[in-house]
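Undergrad: Supplied in structure tokens, the structure appears directly below.
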Amino acid sequence: MKTEVYSWRLSPQLKTELEEAARAERKSVSELLEEIARSWLVKSKGLDPTEDERQRRVREEAMKFIGSLQGGNPNRAENARSEVRSRIARRHGR
């Protein structure tokens, strides 16, 4: 969600060119300017906004579970193989 506003002065010619370019791409001037700014950042700073967004989503999802796993058996990881095998055996009557 966009919440920030940025404004600046530009020549009438540049404003007209931006509006024409936005119309040609069937975008708002705001959308076009955001695309231009992101493209410039990628080119000049070596940033990858798609990767940044993916990493943000991964972190957000992971944070839901950090600190939420609990158990009374501190050796559960070491005993996982035998525990899984015994559960399968019980389930299948072996």
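Undergrad: Scan segment 11-57 for residues that are surrounded by 13 or more Cβ atoms within 10 Å (Cβ to Cβ) and modelled with pLDDT of 85 or more and jot them down.
TA: Selection gives L18, E19, A21, A22, K27, V29, L32, L33, E34, E35, R38.
Undergrad: Quick one: is I66 free of Cβ contacts under 8 Å to residues at least 40 places away in the same chain, part of a helix (DSSP H, G or I) and not aromatic (F, W, Y)?
TA: Answer is no for this residue.
Undergrad: Need pairs with beta-carbon distance below 7 Å; first residue within 21 Å of A22 (Cα to Cα) and in a helix (DSSP H, G or I) and within segment 35-58, second modelled with pLDDT under 75 and acidic (D, E); sequence gap 6+ or separate chains.
TA: So the pair list comes out as V42/D48.
The values are calculated or read from the model by the stated rules, or taken from the named source; none is laboratory data. Since this is a predicted model, take the numbers as computed values, not measurements. Cβ: placed from backbone, ideal geometry, glycine included. Neighbour counts: every protein chain shown.
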